[in-house]
Every structure is written in C-alpha cells, then in structure tokens.
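Report on the structure given below.
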Amino acid sequence: MKVKRLPEDFRVEEMTTAVASDRGRHTLYRLSKRGIGTIEAVDSICRRWNLPRGRASHGGLKDRHAETVQYLTILDGPNRPIAEPNLKLEPLGKVPRAYGPADFSGNRFEVAIRDLTPAAAEEASRRLEAAGRDGVPNYFDDQRFGSVGFSGEFIAHAWLLGDYEKALRLALAEPNPFDRPDTKARKAALRDHWGDWPAAKAALDRSSERSIVTYLVDHPTDHAGAFARLKRDLRSLYFSAFQSWLWNLILAGWIERNTRPEQRATVELKVGALPFPVGLDPEQRALIEGVDLPLPSSRTSPPDGPLGEIAAEALAAFGLTWGGMRVKKLKDVFFSKGTRKPLIPLGDVAATIEDDELHRGRRIVRLAFTLPRGAYATMLVKRITEVAEAGA
C-alpha cells in the first residue's frame, strides 16, 4: 500500500469565495505548487519581486508533498505571472482587502492509494463506508507538527513554562527529519557552539539564523528577545502546533469517554497515538459529535462538566492550566480562540478502483471528496488504511 507515491496522487484545491475585479490595492493570485510548502513558496515569491514578506497574505497552509492550488494576495502586487519548476503564480485581478482564512470555505481533494491487492482494494472501499457510519475524528494531522523535531518536544511548551532558552534551542538547533543538508549543517554548528555566540556566528553562513546569533553576541542572555526575531509565521506555527496537539488530546479523551475499549482503534501520529472510533451505535456517534470542542486558550472560557475534566487532565500532563494558555513576551503571536467539530463533515465522497499503472497486477483506489476549512484529508486516508472494521 502506497500513499503519495507521486505528487499528483494527492491533490488539493482551495474552494475560494474571493471575487477579483479591477478595483482594490491587493492583487489576488492563484498559486499552484508541488514539492514546496506554502510559507517557502510565498517567501520565494517575495524574494523574487524584492517585496516585504508582510505584504503577502494567504488563507491556509498546504502540504509540500502534494499538488496544491491555493490563493493569496499581495498589497500593490505586480500584475504578472511567475512560472518555476515547483510553483506557478497567476494574477487574477484586484480585491479590496488581504486574503485570509475567511475567504475559502474548504478544500477539494483527489487522493490515490496505490499498490493494493484486489482484496485490499475492496477492503478499503468497505472501510470508507464504515468511516461514513462511525465518523472520522477531526484531529490535526502530522502536517501540523512539522516543527517538532526528533526529541518530540514542543517549542511552545518550553515557552509557556518560561524556559525561553530551551524554546530558542528547539527552534534553531533541534534536528528534524525534514531538514535539508544546509539546514542540518547550520543546526549542527549551533549545537556545537551553543552559548558561545561569537564562535557560533563565525560557523554560520549568511542566513536568518546568523542574524539571530548576531543579536545574541551583543545580548547573550536575552533568549526571549532572540526568539522574537524569528519570522512571525514560524513563531505562529510553533504555538499553533502545540495548541493543536492539546486539542487532539482533548478529543481523544472525549472519544474514550464515549466508547467501549473494543470500539477504539489506535493510530500512530508523529507525536503520539490517538484513538479512532469503530463500530459505533448511532447514539454514541450523536453523543461524540453533539458538542464542539474549544481550542485551549486563556482567551476563552474552559469547558465544564466531563469535557472540562478531560481538558484539565490533558493540560495538567504538561504542567499547564486553561488560564495558562497565554503567550507572554510576544505581542504578535497568540493562541487561536474558537471551537472545532469532533468529527469531520465529509462531503461528496466518491471512490473508484482501477488497475495501478505503476504496479503490475495491483489496484489503485481513487478518492474524491470535499472537506471544510481546517480538516485534514489524511485523517480519512488513515481511517481507510490503518483502521480495521469492528469485528474484523
């Protein structure tokens, strides 16, 4: 079984609600990319046009290991395209304000699961039907936790505990499985010379890390100030990753509370294992999805009753409370507030089984479906590929 064997095996396109015209200061673009993340793509565009990064705005982050289409705006952006091997940018016209999450309703997906035996392909179809009955947990998936390195520690967790040096070290020097060779070299140099900032500066080439180390040469103990000099997009990702994992744990506790042990299958994510419901009674499904779960943040009131107990226990495991979910010392980063549905509202799901042209005698299952903004298609894929039906 193979998922994302080719970039085109995982396609996603934003369903935008933005309408371009010939008025407004923000130029709207359609960005098509493959093999590159959203932040990297937008940074590349801004460098090419020598524009401040703050003039660009997008609605969501799209997987680097996929073919993706999304939309973005640039304040007073050029009315011309960009065509590169890994990205294509097309100007669509003008809009009156910057593009953001509110400007798309969801995403349309096409996913191919390859190298299946005929029996396995039929089993995948049955599991898709079971997923429709039991529901698919609306967990944040591994893409959300790309900033977590080999240690498994969250940068934002260290920050919330007041260990600003550890947060900085995790952000700058923690090895990560997705590091490119040049990044690996810079991180190794930082680990070798951590605290000896003149030596660390001498060991680094011209880079964003070097500019931060230059600050530390003059302010050797101001780790919080150095951290604040990281790109805001990155710092926001660090805190959203931790908040997302805490929310996952709250949902996991909610599923465990409302199911029997034999109705739970465990799926491994990058940062931990989570339960998926299987073989639910209609009443159980209704109970699980009957309440939206809040994102942990001091900006909102904590849940009460059994859900509040689950949330308090999840945060306590990290030495935190709901009221402690507040970002100190950073004025431009905060925890999101709001709620998230426990189960993914699947829309327009279709599946076909075909011969796999890459693997003789094997089958490919092609899925097409839509998901609301913020839901992860890979959760549906995990439900189909990793969770057996109840009683199987």
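The values are calculated or read from the model by the stated rules, or taken from the named source; none is laboratory data. Since the structure is predicted, the reported quantities are computational estimates derived from the model, not experimental observations. Here Cβ is always computed from backbone atoms with ideal geometry, including for glycine, and neighbour counts include all displayed protein chains. Remember, those area values only see protein heavy atoms, side chains included, never the ligands or the DNA or RNA. Shrake-Rupley method; radii C 1.70, N 1.55, O 1.52, S 1.80 Å.
Tabulated results
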item	result
Criterion (closer than 30 Å to residue 347 by Cα and either open to solvent by 60 Å² or more (accessible area, probe 1.4 Å) or touching a residue at least 24 places away in the same chain (Cβ under 8 Å) (or both)) met by exactly one of 144, 191, 206	144
Lone qualifier among 285, 257, 299 - being touching a residue at least 24 places away in the same chain (Cβ under 8 Å), open to solvent by 40 Å² or more (accessible area, probe 1.4 Å) and touching a Gly at 6+ places or on another chain (Cβ under 6 Å)	285
Options 145, 178; residue that is in contact with a Lys or Arg (Cβ under 6 Å, 6 or more places away or on another chain), under 22 Å from residue 43 (Cα atoms) and of a type in the set (Phe, Trp, Tyr)	145
Output for segment 37-55, where each listed residue is touching a Leu at 6+ places or on another chain (Cβ under 6 Å) and either open to solvent by 10 Å² or more (accessible area, probe 1.4 Å) or farther than 25 Å from residue 146 by Cα (or both)	55
Test: residue in segment 47-65 that is outside any loop (DSSP other than H, G, I, E, B), among the aliphatic types (A, V, I, L, M) and under 18 Å from the mean Cα position of the chain (by Cα)	no
Residue list for segment 226-251, restricted to those being more than 17 Å from residue 374 (Cβ to Cβ) and either touching a residue at least 60 places away in the same chain (Cβ under 8 Å) or open to solvent by 10 Å² or more (accessible area, probe 1.4 Å) (or both)	227, 228, 229, 230, 231, 232, 233, 234, 235, 238, 249
Residues within segment 353-368 that are out of contact with any helix residue (DSSP H, G or I) (no Cβ under 7 Å at 6 or more places or on another chain) and outside any loop (DSSP other than H, G, I, E, B), tallied	6
Qualifying position, being in a strand (DSSP E or B), hydrophobic (A, V, I, L, M, F, W, C), at pLDDT 95 or above and open to solvent by 10 Å² or more (accessible area, probe 1.4 Å), among 92, 170	92
